[in-house]
1. Taking the alpha-carbon centroid of each part, what is the distance from the stretch 102-135 to the stretch 196-261 in angstrom?
2. What base-10 log of the normalised intensity I(q)/I(0) is obtained for the chain from the Debye formula, alpha carbons as equal point scatterers, at q = 0.07, 0.10, 0.11 Å⁻¹?
3. Which aspartates and glutamates, on any chain, are close to Lys10 with Cα under 13 Å apart, when same-chain ones fewer than 8 places away are left out?
4. Of Cys99, Cys23, Cys196, how do they rank once you tally other Cβ atoms within 10 Å and put the fewest first?
5. With each run of n ≥ 4 DSSP H residues scored as -39500 (n - 2.57), what mean residue ellipticity at 222 nm is computed for the chain after dividing by its residue count and rounding to the nearest 500 deg cm²/dmol?
6. Which of the three applies to the stretch 12-84, rounded, prolate or oblate, going by the alpha-carbon gyration tensor with a ≥ b ≥ c and a/c under 1.5 meaning rounded?
7. Evaluate E = 1/(1 + (r/R0)^6) for Thr110 and Val243, where r is the Cβ-Cβ distance and R0 equals 51 Å; express this FRET efficiency to the nearest 0.05.
8. Taking a ≥ b ≥ c as the square roots of the Cα gyration tensor eigenvalues, with a/c under 1.5 meaning rounded and otherwise prolate when a/b beats b/c, else oblate, which class fits the stretch 122-234?
Amino acid sequence: MTSHFRIRTKSGAFGFIRTIGFCFAFTGGPGALPYLFEVLDTPSDNRRWAWAWGWKEALPTEKRIFYGRVIARKPTFVSMGFLPHFFALTGNVGDPDDCRRLYDAGRLTTFGRRVYELVGARGPLTTREIRAAVEPHRTGSSGRLLRALAELQSRFLLARIAEVGDNPGNYAYVWDLFDRWLPEIVARARGISQRCAAAALLEQYARIAGAPRPEDAAALFEWSPSLLATALADVRRGGEISVVRGPEGEDRLVATRRLRRLQSGRNARR
């Protein structure tokens with residue numbers, strides 16, 4: 001899926017993310033999901049890092065793509081086309097009850113809820129400003145705060161909306177409520193059921209990951225067996241994805257058009 005991409009510009013990176021839909025940023029990870037770093041067209045790792053680091057700040061700040069630790073807790077890019085589907089799967093509706101619901105269900109820590117409520121009342125805030133408010137006597141970095149911010153980001157409660165600072169050793173991210181920063185995404189998500197959201201993500205994942213196993217999708221997106229089964233039935237019914245038997249006897253998800261090309265190739269060799 002990614003072999004024909006050769007990216008050298010910010011607009012090229014935007015086009016790649018928009019086409020792929022969602023991908024990791026800097027390194028590969030679980031589920032054979034594509035990542036931006038692998039398609040940057042330069043032999044210099046230093047240049048790759050300079051490009052990727054700059055674009056992962058510029059594109060989200062411009063609200064052209066979303067960036068955060070939202071898939072497998074790794075730095076991830078999500079296009080604005082697929083972002084409502086990710087939000088719909090959280091069950092959030094874009095109000096403070098989202099935080100209370102997750103907290104009551106045991107899916108959000110007390111400290112995470114405290115950080116969320118602070119940003120809700122006083123945001124947007126930098127990481128330093130948040131730390132000064134919730135850990136006023138702490139010096140140095142705070143693993144607890146970083147874990148809380150990652151937790152809130154993965155639940156689509158907070159979004160990292162900008163970076164301030166003049167060098168990589170002296171920066172602070174700016175955080176705001178996800179629904180306050182991207183209300184149009186929340187509005188679009190309200191028209192998407194969790195079932196439809198899961199089917200859309202599963203179909204796109206099958207197209208970009210190269211014949212993944214169904215359980216790869218479940219692990220990557222942290223889906224329950226019932227949600228995976230429903231999404232799998234829906235994409236098969238739509239005819240866009242087929243389940244084929246892999247070389248080791250395991251099920252594989254293959255986009256129909258790709259399957260037809262493979263079948264044509266086999267027929268041509270006979």
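1. Value for the Cα centre distance between the two parts: 36 Å.
2. -0.28, -0.56, -0.67
3. Asp41, Glu57, Glu62
4. Ordered by Cβ neighbours within 10 Å, fewest first: Cys196, Cys99, Cys23.
5. For the chain, the value works out to -15500 deg cm²/dmol.
6. Judged from the Cα gyration tensor, the stretch 12-84 comes out oblate (a/c at least 1.5, b/c at or above a/b).
7. For R0 = 51 Å, the calculated efficiency reads 0.75.
8. Prolate, because a/c is 1.5 or more and a/b exceeds b/c.
Each reported figure results from applying straightforward, stated rules to the coordinates on display, with no laboratory input. If you're wondering where the values come from, they're calculated on a predicted model, not measured in any experiment. As a convention, Cβ positions derive from the backbone with ideal geometry for all residues, glycine included, and neighbour counts pool all protein chains shown.
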